[in-house]
Amino acid sequence: MKVTEILRSKGADVITIWPGASLRSAVDLMAKRNVGALVVVNDDGKIVGMVSERDIVLALAASSERALADSIADVMSKRLITCGPDDRLADLMATMTEHRVRHLPVVDQGRLVGLISIGDLVKARLGELEFESNVLRDAYLRVR
(Lines give C-alpha, C1' and ligand atoms only; values in the text may rest on other atoms or scores of the structure.)
Protein backbone atom coordinates (compact mmCIF):
# COMPACT_ATOMS: atom_id res chain seq x y z
CA MET A 1 0.00 0.00 0.00
CA LYS A 2 1.20 3.50 -0.86
CA VAL A 3 0.83 6.83 0.92
CA THR A 4 -1.61 8.05 -1.74
CA GLU A 5 -4.00 5.23 -0.83
CA ILE A 6 -3.85 6.11 2.86
CA LEU A 7 -4.45 9.79 2.12
CA ARG A 8 -7.36 8.89 -0.16
CA SER A 9 -9.13 7.17 2.74
CA LYS A 10 -8.19 9.54 5.58
CA GLY A 11 -8.06 12.82 3.68
CA ALA A 12 -5.21 15.18 2.96
CA ASP A 13 -6.11 17.92 5.45
CA VAL A 14 -2.98 19.12 7.26
CA ILE A 15 -3.12 21.43 10.25
CA THR A 16 -0.26 23.89 10.19
CA ILE A 17 1.05 26.58 12.49
CA TRP A 18 3.39 29.54 12.07
CA PRO A 19 6.81 29.36 13.82
CA GLY A 20 6.18 32.64 15.65
CA ALA A 21 2.98 31.39 17.30
CA SER A 22 3.11 30.58 20.99
CA LEU A 23 3.34 27.07 22.34
CA ARG A 24 0.03 27.78 24.11
CA SER A 25 -1.63 28.34 20.73
CA ALA A 26 -0.21 25.02 19.50
CA VAL A 27 -1.56 23.22 22.58
CA ASP A 28 -4.98 24.79 22.08
CA LEU A 29 -5.04 23.96 18.36
CA MET A 30 -3.93 20.36 18.92
CA ALA A 31 -6.59 19.88 21.59
CA LYS A 32 -9.31 21.49 19.45
CA ARG A 33 -8.45 19.44 16.36
CA ASN A 34 -7.57 16.25 18.33
CA VAL A 35 -4.16 15.81 16.69
CA GLY A 36 -0.75 14.86 18.05
CA ALA A 37 1.40 17.09 15.86
CA LEU A 38 1.36 20.21 13.74
CA VAL A 39 3.42 21.00 10.68
CA VAL A 40 5.24 24.31 11.11
CA VAL A 41 5.28 26.46 7.96
CA ASN A 42 6.76 29.90 7.30
CA ASP A 43 5.03 32.80 5.56
CA ASP A 44 5.87 31.26 2.16
CA GLY A 45 4.19 27.97 3.10
CA LYS A 46 7.55 26.18 3.30
CA ILE A 47 7.82 23.46 5.94
CA VAL A 48 10.34 24.53 8.58
CA GLY A 49 9.61 21.99 11.31
CA MET A 50 7.14 19.95 13.31
CA VAL A 51 5.78 20.42 16.80
CA SER A 52 4.51 17.28 18.51
CA GLU A 53 3.17 16.24 21.87
CA ARG A 54 6.70 15.05 22.71
CA ASP A 55 8.15 18.50 21.94
CA ILE A 56 5.56 20.10 24.21
CA VAL A 57 6.21 17.68 27.07
CA LEU A 58 9.98 18.28 26.82
CA ALA A 59 9.46 22.06 26.82
CA LEU A 60 7.17 21.87 29.85
CA ALA A 61 9.60 19.61 31.69
CA ALA A 62 12.44 22.07 31.06
CA SER A 63 10.63 25.33 31.81
CA SER A 64 7.33 24.46 33.47
CA GLU A 65 4.33 26.56 32.48
CA ARG A 66 6.60 29.40 31.33
CA ALA A 67 7.24 27.33 28.19
CA LEU A 68 3.69 27.99 27.01
CA ALA A 69 4.72 31.58 26.19
CA ASP A 70 7.67 30.38 24.07
CA SER A 71 7.39 30.50 20.30
CA ILE A 72 6.92 27.34 18.29
CA ALA A 73 10.33 28.02 16.70
CA ASP A 74 11.93 27.60 20.14
CA VAL A 75 10.52 24.11 20.74
CA MET A 76 9.77 22.58 17.36
CA SER A 77 11.74 19.74 15.83
CA LYS A 78 13.76 21.23 13.00
CA ARG A 79 15.05 17.90 11.74
CA LEU A 80 12.57 17.22 8.96
CA ILE A 81 11.80 13.69 7.92
CA THR A 82 9.22 13.57 5.17
CA CYS A 83 7.75 11.03 2.82
CA GLY A 84 6.32 11.09 -0.68
CA PRO A 85 2.98 9.98 -2.13
CA ASP A 86 4.50 6.86 -3.72
CA ASP A 87 6.27 5.63 -0.56
CA ARG A 88 5.15 2.24 0.71
CA LEU A 89 3.67 1.45 4.11
CA ALA A 90 6.49 -0.91 5.14
CA ASP A 91 9.11 1.72 4.31
CA LEU A 92 7.29 4.35 6.37
CA MET A 93 7.06 1.99 9.34
CA ALA A 94 10.81 1.44 9.15
CA THR A 95 11.49 5.18 8.83
CA MET A 96 9.29 6.03 11.82
CA THR A 97 10.93 3.33 13.91
CA GLU A 98 14.45 4.30 12.93
CA HIS A 99 13.96 8.02 13.57
CA ARG A 100 11.57 7.65 16.53
CA VAL A 101 8.86 9.85 15.00
CA ARG A 102 5.13 9.32 14.88
CA HIS A 103 4.21 11.79 12.12
CA LEU A 104 5.57 12.31 8.61
CA PRO A 105 4.61 15.23 6.38
CA VAL A 106 3.86 14.06 2.85
CA VAL A 107 5.63 16.23 0.29
CA ASP A 108 5.07 16.10 -3.46
CA GLN A 109 7.25 18.26 -5.71
CA GLY A 110 8.10 20.52 -2.77
CA ARG A 111 4.46 20.97 -1.70
CA LEU A 112 2.89 19.74 1.54
CA VAL A 113 0.07 17.39 0.47
CA GLY A 114 -0.71 15.43 3.62
CA LEU A 115 0.40 14.06 6.97
CA ILE A 116 0.75 10.40 7.88
CA SER A 117 0.72 9.26 11.51
CA ILE A 118 1.75 5.96 13.03
CA GLY A 119 -1.96 5.42 13.74
CA ASP A 120 -2.71 5.76 10.02
CA LEU A 121 -0.08 3.13 9.25
CA VAL A 122 -1.35 0.71 11.89
CA LYS A 123 -4.92 1.09 10.61
CA ALA A 124 -3.81 0.53 7.00
CA ARG A 125 -1.69 -2.49 7.94
CA LEU A 126 -4.54 -4.06 9.91
CA GLY A 127 -6.76 -3.55 6.86
CA GLU A 128 -4.19 -5.31 4.68
CA LEU A 129 -3.89 -8.21 7.13
CA GLU A 130 -7.66 -8.59 7.34
CA PHE A 131 -7.93 -8.63 3.54
CA GLU A 132 -5.15 -11.24 3.25
CA SER A 133 -6.78 -13.35 5.94
CA ASN A 134 -10.12 -13.26 4.15
CA VAL A 135 -8.52 -14.22 0.82
CA LEU A 136 -6.70 -17.16 2.42
CA ARG A 137 -9.83 -18.30 4.27
CA ASP A 138 -11.92 -18.12 1.10
CA ALA A 139 -9.29 -20.03 -0.89
CA TYR A 140 -9.10 -22.70 1.82
CA LEU A 141 -12.88 -23.09 1.91
CA ARG A 142 -12.99 -23.47 -1.89
CA VAL A 143 -10.49 -26.34 -1.93
CA ARG A 144 -12.17 -28.25 0.89
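Numerical summary
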| item | result |
| --- | --- |
| Test for Ile6: is it touching a residue at least 60 places away in the same chain (Cβ under 8 Å), surrounded by 16 or more Cβ atoms within 10 Å (Cβ to Cβ) and out of contact with any helix residue (DSSP H, G or I) (no Cβ under 9 Å at 6 or more places or on another chain) | no |
| Residue in segment 68-87 that is farther than 16 Å from Val14 by Cβ, touching a Lys or Arg at 6+ places or on another chain (Cβ under 8 Å) and not acidic (Asp, Glu) present | yes |
| Complete set of residues in segment 47-63 that are free of Cβ contacts under 8 Å to residues at least 12 places away in the same chain and polar (S, T, N, Q) | Ser63 |
| Selected residue [over 28 Å from Ala124 (Cα atoms) and touching a residue at least 24 places away in the same chain (Cβ under 8 Å)] from Arg66, Arg24, Arg88 | Arg24 |
| Counted residues, segment 17-28 - those being in contact with a helix residue (DSSP H, G or I) (Cβ under 9 Å, 6 or more places away or on another chain) and outside any loop (DSSP other than H, G, I, E, B) | 7 |
| Tally, over segment 29-49, of residues that are assigned to a helix (DSSP H, G or I) and over 20 Å from Leu104 (Cα atoms) | 1 |
| Test result for Val14, under 13 Å from the mean Cα position of the chain (by Cα) and either outside any strand (DSSP E or B) or surrounded by fewer than 17 Cβ atoms within 10 Å (Cβ to Cβ) (or both) | yes |
| Count of residues meeting criterion [closer than 17 Å to Ala90 by Cβ, modelled with pLDDT of 75 or more and among the hydrophobic types (A, V, I, L, M, F, W, C)] in segment 108-144 | 7 |
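The values are calculated or read from the model by the stated rules, or taken from the named source; none is laboratory data. This is a predicted model, so every value here is computed, not measured. Because the Cβ atoms are built from the backbone with ideal geometry, glycine has one as well, and the counts that use them run over all protein chains shown.
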